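Heads up: the structure comes next, in structure tokens.
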Amino acid sequence: MKQPEIIENFLSKKYKTLILAVGSELRTDDAVGMYIADELLKYKYDEDKIRIIKGATAPENFTGEIKKFKPERMLIIDAADTGKKPGEIDIINANDIDGASFSTHMMPINIFIDYLLKHFECKILIIGIQPKNLEFGTVVTPEIKKSADKLVKLIAGKIF
């Protein structure tokens, strides 16, 4: 199954869904998750069914809010060095986190997920977008933005 199909099958209006954007807005393409969250926040949605959190470089700071919301589905979006072409979207299994580099987080994402799953049942999908540039800067590169915009449309079409 291709990445868009996996994402489409994972998301549905019937599930209480949390979207967690991760990344540094100061490191060019590492901000892709935050960019996607900003774009999704422009839509109107039911906050009892959908929550969008900009976790930045310390998503663990939002564990209380996430536990209180108790999502049935959680989508984590971040830049991830998977060795693919810039802008390529990859589905990353939480158990295979070692295969992708998430370097700007305070806590490893797999430990964060393990902690959350001790408090509620939830299916989690991690989306990694291959960055082109991780140097200091505040504008996502065009290739990454193009992939991010496609992902925004896909997500919005499934849950809004």
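None of the figures in this text is laboratory data; all of them are computed from the coordinates on show. Fair warning: this is a prediction, and the values are worked out from it, not measured in the lab. So basically every Cβ, Gly included, is an ideal-geometry build from the backbone, and we count neighbours across all protein chains shown.
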*Can you list the lysines whose alpha carbon sits under 21 Å from that of Lys16, skipping same-chain ones fewer than 8 residues off?*
Lys42, Lys44, Lys49, Lys54, Lys67, Lys68, Lys70, Lys118, Lys123, Lys153, Lys158
*Amide H within-cut-off set for Ile50, under 5 Å, with H built and near neighbours excluded*: Thr17
*Which of Asp48, Asp38, Asp29 moves the most in a Gaussian network model of the chain with Cα springs under 10 Å?*
Asp48
*When Ile124, Ile89 are ordered from fewest to most other Cβ atoms inside 10 Å of their Cβ, what list results?*
Ile124, Ile89
*Over the alpha-carbon set of the stretch 1-64, divide Rg by the Kirkwood Rh and report the Rg/Rh ratio to two decimals.*
1.00
*asked:* For the stretch 108-160, place one equal point scatterer on every Cα, skip the solvent, and apply the Debye formula. What is log10 of I(q)/I(0) at q = 0.18, 0.20, 0.22, 0.29 Å⁻¹?
replied: -0.85, -0.91, -0.94, -1.06
_With a cut-off of 8 Å between alpha carbons and a minimum separation of six or more residues, what is the relative contact order of the chain in percent?_
35
*Hey, in the GNM for the chain with a 10 angstrom Cα cutoff, which one of Ile52, Ile77, Ile19 fluctuates hardest?*
Ile52
*Show that you can apply the helix-only estimate: for the chain, add -39,500 (n - 2.57) for every DSSP H stretch of four or more residues, divide by all residues, and state [θ] at 222 nm to the nearest 500.*
-9500 deg cm²/dmol
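Working out 0.36 nm times the residue gap between Lys132 and Met107, then minus their Cα-Cα distance, what length gain in nm do you get to one decimal? Walk me through the numbers before you get to the answer.
Values: separation 25, 0.36 × 25 = 9.00 nm, distance 2.31 nm.
Between Lys132 and Met107, full extension yields 6.7 nm more.
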*Given springs between every Cα pair under 10 Å in a Gaussian network model of the chain, which of Leu20, Leu117, Leu125 has the largest fluctuation?*
Leu117
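Let me know the volume per residue of the alpha-carbon convex hull for the chain, in Å³. List each step's numbers first, then the result.
Details: hull volume 16.2 nm³, N = 160.
Per residue, the Cα convex hull of the chain comes to 101 Å³.
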